[in-house]
Amino acid sequence: MRGRLRGAAALLAGLCLVAGPAACGKAGGVHEPEGPASGGALRIGVLLPDNTSRLYHFDKPLIEKKIHQLCPECTVEVVSAEHDVATQQQQMDAMITKRVRVLILDAVDSKSLRSPVESARAAGIPVVAYDRLVEGPVSAYVSFNGRRVGELQGEALLKALGDKARGAQIVMMNGDSTDPNSAWFRQGALAVLQGKVKIGKAYETAGWRPENANSNMTAAISALGAGHIDGVYSANDGLAAGIISALEAAKIAPLPPVTGQDAELAAIQRIVAGDQYMTVYKPFGPEAGTAAAMAVALGRGKKLDGITTHTVNSPTTRGIPAVLLTPVSVTVQRIKGTVVKDGMYTIEQICTPKFEAACRRAGLTR
């Protein structure tokens with residue numbers, strides 16, 4: 001939590017969140033392999049989309065730690081795709097050739113990794129979809145409730161607008177259209193915002209790149225006028241950085257409220273400074289720990305009945321055992337009780353000299 005098809009509406013129509021396997025039906029459901037690949041110590045492959053986001057810096061060590069707690073004899077191999085689909089496809093093929101017992105996959109692109117997922121299944125290697133639901137016959141999925149993420153962002157934006165919400169005009173900066181999570185976030189946000197505010201402009205942001213959000217926001221300012229943007233729905237913190245830079249370049253002051261997601265350190269500091277209104281914190285420990293537990297269980301040929309709490313449907317696979325965790329809204333008043341309390345950041349990391357005065361005003365320091 002980085003908190004990411006074209007045709008997102010079609011994906012959402014196929015994504016079914018239910019309380020148990022019976023509600024989604026068993027036709028076309030996931031069928032686990034007979035058992036793990038034979039021979040040697042239990043080897044688990046972890047495939048991440050990059051080595052710059054919170055997924056690498058926070059989730060990776062937590063996944064490794066939990067796997068070794070549950071399975072001291074396990075070996076873990078972690079690779080990063082550097083945002084490149086072809087690289088991740090090659091990494092998947094390499095892991096399959098090595099005959100790892102199970103894979104934890106956070107896909108760069110949910111559609112493009114379908115074929116390697118199918119190859120893994122054919123080789124008897126279960127795949128745990130991590131943070132993003134990839135197409136193909138995955139064996140399990142763990143993430144945060146994406147619709148709730150969008151709802152929290154929309155609710156916070158309405159609260160920030162207060163009495164001005166009625167008649168207010170906002171810009172929606174959604175994530176990458178190829179990411180199923182992006183469509184889920186947008187659905188939740190629209191459920192809260194539609195009918196309450198006017199959406200002046202809405203954009204999909206290719207690659208979740210801040211520079212693309214910056215370009216989109218610059219275009220929105222030009223189209224709507226600098227004085228006619230009352231708030232910005234930003235799907236994550238990286239996009240928020242690009243948005244705020246564009247607002248500042250247009251000399252818009254005070255800045256309108258801007259949402260975010262992933263509780264990045266820079267975003268927490270922007271919230272302290274008053275440049276960003278909120279972020280959505282997704283406690284990474286439970287997500288990483290659940291993925292590790294799923295992987296160890298599947299690698300040992302066990303069922304997931306004691307771990308999973310839901311099932312979901314992807315465009316290709318029905319009844320995927322899943323765990324969907326609860327995200328948390330963080331404004332300046334909640335920093336101490338969330339990311340600091342959980343040990344994600346220390347006060348010293350947040351309150352660098354640049355933010356000393358803002359931290360005092362926020363009650364983080366004296």
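The values are calculated or read from the model by the stated rules, or taken from the named source; none is laboratory data. All values reported here derive from a predicted model rather than from experimental measurement. Glycine gets a Cβ as well: all are built from the backbone with ideal geometry, and neighbour counts include every protein chain shown.
A few notes on this one:
- Selection of the range 40-63 for residues being in a helix (DSSP H, G or I) and surrounded by fewer than 18 Cβ atoms within 10 Å (Cβ to Cβ) yields Tyr56, His57, Pro61, Leu62.
- Qualifying residue in the range 54-66 (condition: in the same structural domain as Ala122 (by TED's automatic domain parsing), modelled with pLDDT under 75, farther than 26 Å from Arg300 by Cα and not acidic (Asp, Glu)): yes
- Qualifying residue in the range 235-249 (condition: part of a strand (DSSP E or B) and over 18 Å from the mean Cα position of the chain (by Cα)): no
- Annotation: of all residues in the range 114-132 being in a loop (DSSP other than H, G, I, E, B) and modelled with pLDDT of 95 or more, the one that is surrounded by the fewest Cβ atoms within 10 Å (Cβ to Cβ) is Ala123.
- Residue in the range 196-219 that is among the hydrophobic types (A, V, I, L, M, F, W, C), surrounded by fewer than 24 Cβ atoms within 10 Å (Cβ to Cβ), under 19 Å from the mean Cα position of the chain (by Cα) and farther than 25 Å from Val85 by Cα present: no
- Candidates Val192, Val232, filtered to the one that is among the aliphatic types (A, V, I, L, M), part of a strand (DSSP E or B), within 28 Å of Val272 (Cβ to Cβ) and within 20 Å of the chain's Cα centre (by Cα): Val232
- Meets criteria (in a helix (DSSP H, G or I) and farther than 30 Å from Pro256 by Cα) for Ala160: no
- Among all positions in the range 146-158, there is no residue which is under 20 Å from Lys60 (Cα atoms) and modelled with pLDDT of 95 or more.
- For Met92, the conditions (1) in contact with a strand residue (DSSP E or B) (Cβ under 6 Å, 6 or more places away or on another chain); (2) crowded, with 24+ Cβ neighbours inside 10 Å all hold with the exception of (1).
- Restricting the range 338-366 to residues that are part of a helix (DSSP H, G or I) and touching a strand residue (DSSP E or B) at 6+ places or on another chain (Cβ under 9 Å), the residue that is surrounded by the most Cβ atoms within 10 Å (Cβ to Cβ): Val339
- The listed residues are Leu157, Leu152, and the only one of them that is over 21 Å from Ala220 (Cβ atoms), assigned by TED's automatic domain parsing to the domain that holds Ala213, surrounded by 24 or more Cβ atoms within 10 Å (Cβ to Cβ) and not polar (S, T, N, Q) turns out to be Leu152.
- Of all the numbered requirements in (1) more than 17 Å from the chain's Cα centre (by Cα); (2) closer than 30 Å to Thr331 by Cα, Val142 misses one, and that requirement is (1).
- Count of the range 312-331 residues which are closer than 22 Å to Ser115 by Cα and outside any loop (DSSP other than H, G, I, E, B): 5
- In the set (1) in a helix (DSSP H, G or I); (2) of a type outside the set (A, V, I, L, M, F, W, C); (3) at pLDDT 95 or above, Asp275 fails one condition alone, (1).
- Residue within the range 278-285 that is more than 21 Å from Phe185 (Cα to Cα) and out of contact with any Asp or Glu (no Cβ under 9 Å at 6 or more places or on another chain) present: no
- Output for the range 254-305, where each listed residue is of a type in the set (Gly, Ala, Ser) and within 29 Å of Ile125 (Cβ to Cβ): Gly285, Ala288, Gly289, Ala291, Ala292, Ala293, Ala295, Ala297, Gly299, Gly301
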